[in-house]
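Trainee: My structure is below; once you've seen it, I'll send some questions.
Read the figures in this text as sums done on the coordinates, not as results from a lab. Since the model is a prediction, treat every value here as computed from it, not as a measurement. Don't worry about glycine lacking a Cβ; one is built from the backbone with ideal geometry, like all the others, and counts go over all protein chains shown.
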Amino acid sequence: MKQMDYRYRLADPELGSSELGFLSKCIGEGMISSQGRFVQQFEEEFSAACGAQYGVSVANGTCALHLALETLGVGPGDEVIVPSLTFIATANAVTYTGATPVFADVEPGTLCISPDTIRPRVSPKAKAIIPVHLLGQPCDMPAICGFAKQHRLQVIEDAAEAHGAEVHGQRVGSFGAINCFSFYGNKIITTGEGGMCTTNDAALADRMRLLRGHGMDPNRRYWHSVIGFNYRMTNLQAAVGVAQLPYLNAWIEKRRWVFSRYCELLGSLGNLLYFLEEPQGTRSARWMSTLMLKDPHGRDNLLDYLSEQGIESRPLFWPVHQMPPYKESSKGALAVSEDLSRRGVMLPSHTKLSDEDIKTICNVITAAFAKTESLRRSQAHS
Ligand SMILES: *Cc1c(COP(=O)(O)O)cnc(C)c1O
């Protein structure tokens, strides 16, 4: 895709003097690799912010998912249930282990998997479930964990898009056996690239630390008891994370406000579009404000029009089970994912947006629909 200078970008991370200050500490101290004080500090502070006991930082969110699966012993012959409507990494991490991702459909109101959509996909080979809190909306974790317990399945949250989201006041990252976050540049908290696994189980945390660092025995240097990985986060990444973390709650507030302004300002187009609900008892982090078109046919025109007007947007994720690597193995249609995937448009959703900015973007969206409507009318008359 060609690089464009958008007037309104989809994502625009807040980076300032504390990031710079901590980064120069790393450089001044010569601690730019994965040893250094910021790594442990970020692990402690981020896991605490999730209400989890342990944090194991990694190089990115995909590493986090792979490390979680390996640590729980997922491997060849196993199946792991994942939503089809997600970023590809959720499924790929399962494939890396030699296990098979089995795709579940999502609930139309939340784009999350649920016991009802998971149930038809459970086979005797199923070993784990990865609920994805898509776009910042948390899944119904008490229900999913209850279901998992009944069926003896492990739960790994993919909370890459949902830092700080809550279900009944409990934060995501604290529900599953191991839970995974990404700190990619467009996520709610960023470290450039980066990721974290959180857990409340000390043994799992130890196992993750072992596997993350080449399987090196913590008590015997350069003695490798297992085949591990190099999935470590650098002190530089962690320094940025430590600088970002104090803003987590304020940034969630801001993203929720951005979402609510889109809803209000586009409310009069209720016959053409809608926004996803936030079920009672849940608190979305509203990572990406996403409008859903009632008629998906005009979506590409809308994306193009926004781009022409200097507004960056993007289509909702394509269903993973329809993509070439997974097409053969997937078990047939997932009607809701396939349908909703074609309706979603992600809008600029970062914390630097002002009310004026959102008004401008909504005016452009309104104009796009007016243009389509007048085109349709003139075609009907000719
Ligand atoms: C971003 C993301 C990931 C992967 O994170 P990376 O840090 O880019 O590897 C995984 N799952 C979901 C749902 C994501 O949005």
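Trainee: If each of N271 and K149 carries a label point 7 Å out from its Cα toward its Cβ, how far apart are those two points in nm?
Mentor: Computed distance between label sites N271 and K149 equals 4.9 nm.
Trainee: Please list, in order along the stretch 30-39, the HN-Hα scalar couplings obtained from phi with the Karplus expression 6.51 cos²θ - 1.76 cosθ + 1.60 (θ = phi - 60°), rounded to whole Hz, x for Gly and Pro.
Mentor: Ordered by residue, 3J(HN,Hα) equals x, 10, 10, 9, 8, 9, x, 6, 5, 4 Hz.
Trainee: Check which residues have an amide H placed less than 5 Å from G344's amide H, if you skip close sequence neighbours.
Mentor: L293, L316
Trainee: Could I ask something else about it? Let me have the relative contact order for the stretch 17-247, percent, based on Cα pairs under 8 Å that are six or more residues apart.
Mentor: 27 percent
Trainee: Same structure again: Distance between Cα centroids, the stretch 241-267 to the stretch 181-209: provide it in whole Å.
Mentor: 21 Å
Trainee: How far apart, in nm, are two points set 7 Å out from the Cα along the Cα-to-Cβ line at S17 and at A202?
Mentor: 4.2 nm
Trainee: Now a separate question. Hey, can you rank 237-247, 161-171 by average C-beta count inside 10 Å, highest first? Spell out each step's value before the answer.
Mentor: On the way: 237-247: 23.0, 161-171: 20.9.
Descending packing order for the listed peptides: 237-247, 161-171.
Trainee: What lysines does K149 reach when the alpha-carbon gap must be under 16 Å and sequence neighbours fewer than 8 apart in one chain are set aside?
Mentor: Once the sequence-local lysines are set aside, what remains near K149 is K125, K127.
Trainee: Something else about it: Hey, got the dipole for the chain? About the Cα centre, +1 on K and R Cβ, -1 on D and E Cβ, debye to the nearest 20? Show your work: numbers first, answer last.
Mentor: On the way: 37 positive and 39 negative charges, 74 e Å.
So the dipole magnitude of the chain works out to roughly 360 debye.
Trainee: What list of ³J(HN,Hα) values in whole Hz, one per residue of the stretch 136-153 in order, does the Karplus curve 6.51 cos²θ - 1.76 cosθ + 1.60 (θ = phi - 60°) give from phi, with Gly and Pro shown as x?
Mentor: Rounded to whole hertz, the list is x, 7, x, 5, 6, 5, x, 5, 5, 5, x, 4, 4, 4, 4, 9, 6, 10.
Trainee: Right, next: Dipole size in debye (nearest 20) for the stretch 327-370 around its Cα centre, Lys and Arg Cβ +1, Asp and Glu Cβ -1?
Mentor: Result for the stretch 327-370 is approximately 160 debye, rounded to the nearest 20.
Trainee: For V102, which sequence-distant residues (separation of 5 or more, or a different chain) have an amide H within less than 5 Å of its own amide H, given hydrogens modelled in the peptide plane?
Mentor: The answer is V80, I81, V82.
Trainee: Still on this structure, please answer the following. Could you list log10 I(q)/I(0) for the stretch 248-381 at q = 0.09, 0.13, 0.14, 0.20 Å⁻¹, which the Debye formula gives when each Cα is one point scatterer?
Mentor: Result of the Debye calculation: -0.31, -0.63, -0.72, -1.22.
Trainee: Pull out the extension gain between S260 and A335, defined as 0.36 nm times the separation in residues minus the alpha carbon to alpha carbon distance; nm, one decimal.
Mentor: Once the chain is fully extended between S260 and A335, it gains 24.2 nm.
Trainee: Which FRET efficiency value, to the nearest 0.05, do you get for E308 and N219 by plugging their Cβ-Cβ distance into 1/(1 + (r/R0)^6) with R0 = 45 Å?
Mentor: Numbers: r = 61 Å, r/R0 = 1.36.
After rounding to 0.05, the efficiency reads 0.15.
Trainee: Hey, fewest Cβ within 10 Å first, where do D339, D158, D5, D357 land in order?
Mentor: Neighbour counts put them in this order, fewest first: D5, D339, D357, D158.
Trainee: Would you mind checking which residues have amide H under 5 Å from T282's amide H? H placed 1.01 Å from N; only 5 or more apart, or other chain.
Mentor: Amide H to amide H, under 5 Å and 5 or more residues apart or across chains, T282 pairs with H168.
Trainee: Now a separate question. So if I take the centroid of the Cα atoms in the stretch 348-382 and the same for the stretch 1-76, what is the distance between those two points in Å?
Mentor: Taking the Cα centre of each part, the stretch 348-382 and the stretch 1-76 sit 36 Å apart.
Trainee: Which listed residue (C26, Y6, F42) has the Cα farthest towards the positive end of the charge dipole for the stretch 1-48, taking +1 on Lys and Arg C-beta and -1 on Asp and Glu C-beta about the Cα centre?
Mentor: Y6
Trainee: If each residue's Cβ is checked for other Cβ atoms within 10 Å, how do S174, S18, S329 rank with the fewest at the top?
Mentor: Neighbour counts put them in this order, fewest first: S329, S18, S174.
Trainee: Set the Förster radius R0 to 45 Å, insert the Cβ-Cβ distance between R376 and E328 as r into 1/(1 + (r/R0)^6), and round the FRET efficiency to 0.05.
Mentor: 0.70
Trainee: Follow-up. Nearest 20 debye, what's the magnitude of the dipole of the stretch 277-382 about its Cα centre given +1 on Lys and Arg Cβ and -1 on Asp and Glu Cβ?
Mentor: 180 debye
Trainee: Hey, in the GNM for the chain with a 10 angstrom Cα cutoff, which one of I227, I118, I188 fluctuates hardest?
Mentor: I227
Trainee: For the stretch 176-187, take each phi angle, set θ = phi - 60°, evaluate the Karplus expression 6.51 cos²θ - 1.76 cosθ + 1.60, and give the result in whole Hz per residue in order, putting x for glycine and proline.
Mentor: x, 4, 9, 10, 10, 10, 10, 10, 4, x, 9, 7
Trainee: So how do K149, K371, K254, K187 line up by other beta-carbon neighbours within 10 Å, fewest first? Can you show the working numbers first?
Mentor: Values: K149 10, K371 13, K254 19, K187 23.
Going from least to most buried by this count: K149, K371, K254, K187.
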